[in-house]
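The values are calculated or read from the model by the stated rules, or taken from the named source; none is laboratory data. Model, not experiment: these values are computed from the prediction. Cβ coordinates were reconstructed from backbone atoms using ideal geometry, including for glycine residues, and neighbour counts include every protein chain displayed. Remember, those area values only see protein heavy atoms, side chains included, never the ligands or the DNA or RNA. Shrake-Rupley method; radii C 1.70, N 1.55, O 1.52, S 1.80 Å.
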Amino acid sequence: MPKTKLSTPYPLLKQKTLQLARLSTLLCSCLSALLLCASCLSAGQKPGAEVQTAAEESAALDEEEYVEPSLKEKIDEILESHYGQDKRIIGSLLIRRGEETLYRGDYGWAAKNDPDFMRMAGKIRYRIASNSKMYTAVMIMQLVQEGRLSLDDKLTAFFPELKNAGKISVRHLLSHRSGIRDYVEEDADFLLMILTDQTDSQGILAKIASYEPNFEPGSEYRYSNSNYILLSHIIERLDMCSYDEALQKRICKPLGLRQTRIGSRFSYQDNEGLSLVRLVGATESPEDNPQLATGTGGITASIEDVALFIKALFSGRLVSSSSLEAMLPTRDDYGLGIMTMKDASLTLLYGHMGRIDQVFSHVFYEPKFDITIISIQNAKILPVRWDTDTWWRLTKAIKAEVEKDSENAN
């Protein structure tokens, strides 16, 4: 492998590389100097000039060329610099280019202080939170393709009791432009009822129907989990089955996703990563009921299954190319169940982010380079957590690796 100057800022790797190189050269130089001294003394010569040359050679190492670190080493340093040397990220990170896995890392615990997490890596199912909305949007678009639903259908056909039902369309629900109040973020008292099992799915519907609109449908964007609760019920009514049964029939079985389903109460025995808060060690956080969240945030899946899903979505295996194009954002950075994240590295990423309890998930796909990036953490890590800067450093490292591979191929 040719040696190149390090073009990206990985100070820890550079420092460690140079330290090892200096130490190795210094030891060799000292040994050579001792042997030279012994030889010179026996011959009656003065070795000063030769010894000075060896010292200068050691000092010049600051400018020496060295091998650029691998993608894995770069990502490990990004995680280490953000979370500390004990890799305080608790969860999994998966990066793929096409079908090739560029990076896979599993850290921390699936359950409290669990020593077997690494052995279980790849089998753990996480709550993917609002990434569930992409699955819901896919099933709605499938119903549209089948001619059983239109994006312009009004809610009077499904929820005539809702205020503005005659003005709100399926498209408004998908794009968060309905004006319906968010039962999760805007109603703390009702959310407490959900967390304490004092209501059910019909109770959630009744509560959503009781809200006064935040704004006129279509006039602005405001994220609302209520929209995807309603979409989940539309799927159930048209398919005449539960949301999970529709999910299995429409997405999981065609793609062979065996670790994807609507979750239940946390069960580590069922290979589900718990929701944790880490201070010293880990403590379990209060949990939501994913069977009530359904298509707005109730899906659990392995990180491998999630990767297969989003790759299939952008490969035309779930919806037509015209349907996928309609789903992509054109304004507000949010389309029909798909959001964008922009940075200076991979430029434009499509996917979603989510949080349920203390489980945080990022699922994104970059079509130009065919890159899939999935990060799922099953813990709120105090005082630090995944942030935009760390994500951008990550995508920058990936792009540099992809471009280097492209140059080598040419």
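Quick one: how many Å² of Arg171 are accessible to a 1.4 Å probe, rounded to 10?
Accessible area of Arg171: about 90 Å².
Once the piece of chain linking Arg237 and Thr156 is laid out straight, how much longer is it, given 0.36 nm per residue of separation minus the C-alpha distance between them?
27.8 nm
Using only Cα atoms, what Kirkwood radius does region 115-267 have, in angstroms?
In region 115-267 this quantity evaluates to 16.8 Å.
Once the other residues with Cβ under 12 Å from the Cβ of Glu403 are scored (Lys, Arg +1; Asp, Glu -1), what is the net sum?
+2
Leaving ligands and nucleic acids out of the surface, order Lys399, Lys163 by accessible area at 1.4 Å, largest first.
Lys163, Lys399
Using 31 Å as the Cα-Cα cut-off, could you pick out the over-long pairs in Lys133/Lys167; Lys133/Lys396; Lys207/Lys253?
The answer is Lys207/Lys253.
Using alpha carbon centroids, what distance separates region 309-330 and region 222-261, in Å?
Rounded to whole Å, the Cα centres lie 17 Å apart.
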